[in-house]
Amino acid sequence: MRRDIACSIVNALSLAALLALSATSASAQGQPEPAGVNPAGGGVPMRSLERLKSKAAGPTPRTADGKPDLSGIWGPEPNFMGDISNALKPGEKLPLQPWAVKVSRERLSKDDPEASCLPAGIPRQTPFPFKIIQTPKLIVFLIEGNMHTYRQIFVDGSSHPKDLDPNWFGDSRGTWQGDTLVVDTIGFNDKFWFDGIGHPHTEKLHIVERYRRPDSAHLEYEVTIDDPGAYTRPFTMYGRSPLLQNTEIMEYFCSENNQDVAHVLGKGRPAKE
Amino acid sequence: MRTKLGLLVAVVGLLAAACPALAHHAFVAQYDASRSMMLQGVVTKVEWTNPHARFYVDVKDKSGNVTNWNLELASPNALRRLGWTRDILKPGDKVSVFVAPAKDGAKMANARTVTLADGRKMVAGIAAEQGGVQ
């Protein structure tokens, strides 16, 4: 979080510096400039959502059966993108097993499945909104990025099917515990990365998400990861999404014109472990 | 004045290079902001596509040699939310673009700001509050 704030300041300084430079350098156009401005290129989508955040927060909306209504278009949580350890409680570290530390250090950005337009899986988010559609027996997440996909959460009292094939979003079953939607998901493959660093997991992954809408303008969630194949104990991450207004989910088919991967070198950010 | 400003920009650029990238690919693994430069030329093609909108610019050097640069913008959904439209850039337009070039030496770069033929400066990166247009 502290680093995010620092980077926001740096970005603002970058813009100020660029504007000042461009005001004095009309004669220098065509010449190389000494340095860059705001290289956090992916920050553009996040900034594009700033003015769409709901400014007023009213009481939690409810459905006809009295449950909190989670429906809405929600902004992404930056701590669930580049490095999920940012979403832990302050001072906590990811309880990685030794092999998982090694993998986190060695994975390179060019090998990130998300960079090749494959699904982000859970809990990783993208810098684009997601939409929740809530019905009494089925809750659907429509996910704008990274490849324009969806999640289905069955809240009809059913259990996970036996003999699931491993896949990118697993099998999700939800129950209401008071005003909290508890989502239990298993049946994952081990192909997606938890974040841009490349924190790994195995097919033993079991995720429990707890969603609340404390007021009309915010969605809060806790995500507990239990993967005895890659982590020494379960751990919980915390996130919060703002309600977005005056926008809709837009198309984002990443594989349409993805020219980047061939030019990605090294690692986008170092692992902390 | 200009030297001091250049130094400020250099320092800020270096600091910013340490900040996280949040795109579908890691910015710092692909582009080198420390070698940012201004490109001037004529737009030859525009691709309003995902995961990035792109435009291509013919840039002539002092010897008259022309190089076609492949310049990356954000994705169309983000650009639309920032106030861009897909016809803001058109083939034949003369533009100046402040870019961070690819690390691997390809004639490819991330466009930070685009100054259009009519003088409007489009900020692809920061000015969400201004709708992306200064």
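Legend: residue pairs A:Lys53/A:Lys89; B:Lys60/B:Lys107; A:Lys93/A:Lys191; A:Lys67/A:Lys89, Cα-Cα distance threshold 20 Å; pairs beyond threshold, A:Lys53/A:Lys89; A:Lys93/A:Lys191; A:Lys67/A:Lys89.
For A:Lys110, a cut-off of 19 angstrom between C-alpha atoms picks up these aspartates and glutamates, skipping any fewer than 8 places away in its own chain: A:Asp83, A:Asp190, A:Asp195, A:Glu256, A:Asp260, B:Asp32, B:Glu72, B:Asp104. Counting neighbouring beta carbons within 10 Å and listing from fewest to most, the residues A:Leu142, A:Leu244, B:Leu116 come out as A:Leu142, B:Leu116, A:Leu244. Legend: calculated FRET efficiency, A:Trp176 to B:Asp58, from the Cβ-Cβ distance at R0 = 51 Å, rounded to 0.05, equals 0.25. Could you compute how fast the stretch A:184-249 diffuses translationally, taking Rh as the Kirkwood radius over C-alpha pairs and applying Stokes-Einstein at 25 °C with viscosity 0.890 mPa s? Give it in µm² per second. Reported coefficient: 180 µm²/s. In plain terms, the residue of A:Leu88, B:Leu89, A:Leu138 with the fewest other Cβ atoms within 10 Å comes first and the most crowded comes last, giving A:Leu138, A:Leu88, B:Leu89.
Stokes-Einstein at 37 °C, 0.692 mPa s, Kirkwood radius from Cα pairs: D for the stretch A:122-226 in µm² s⁻¹? The calculation lands on 226 µm²/s. Beta-bridge orientation, the stretch A:60-263: approximately 95 percent antiparallel, per DSSP, counting only bridges with both partners inside. Footprinting exposure proxy ranking of A:Cys117, A:Cys254, fewest other C-beta atoms within 10 angstrom first, gives A:Cys117, A:Cys254. Looking at the stretch A:115-162, the trypsin sites (Lys or Arg not before Pro) that sit in a DSSP loop and have at most 12 other Cβ atoms within 10 Å of their own Cβ are A:Lys137, A:Lys162. Straight-line cross-link reach from B:Lys90 at under 17 Å between alpha-carbon atoms covers these lysines, not counting any fewer than eight positions away in the same chain: B:Lys45, B:Lys121.
In terms of its C-alpha gyration tensor, the stretch B:54-119 has an oblate overall shape, because the principal axis ratio a/c (a ≥ b ≥ c, square roots of the eigenvalues) is not below 1.5 and a/b does not outweigh b/c.
By definition, a body whose alpha carbon gyration tensor gives a ≥ b ≥ c is oblate when a/c is 1.5 or more and a/b is not larger than b/c, and the stretch A:218-267 fits this oblate description.
Summing +1 for each Lys or Arg and -1 for each Asp or Glu among the other residues whose beta-carbon sits under 14 angstrom from that of B:Val114 gives +3.
Electrostatic bookkeeping for A:Asp171 treats Lys and Arg as +1 and Asp and Glu as -1; over the other residues with beta carbon under 14 Å from its beta carbon, the sum is -3.
Readers should treat all values here as calculations from the given coordinates under stated rules, not as data from a laboratory. No experiment lies behind these values; they were computed from the predicted model shown. For neighbour counting, all protein chains shown are included, and Cβ atoms are generated from backbone atoms with ideal geometry for every residue, glycine included.
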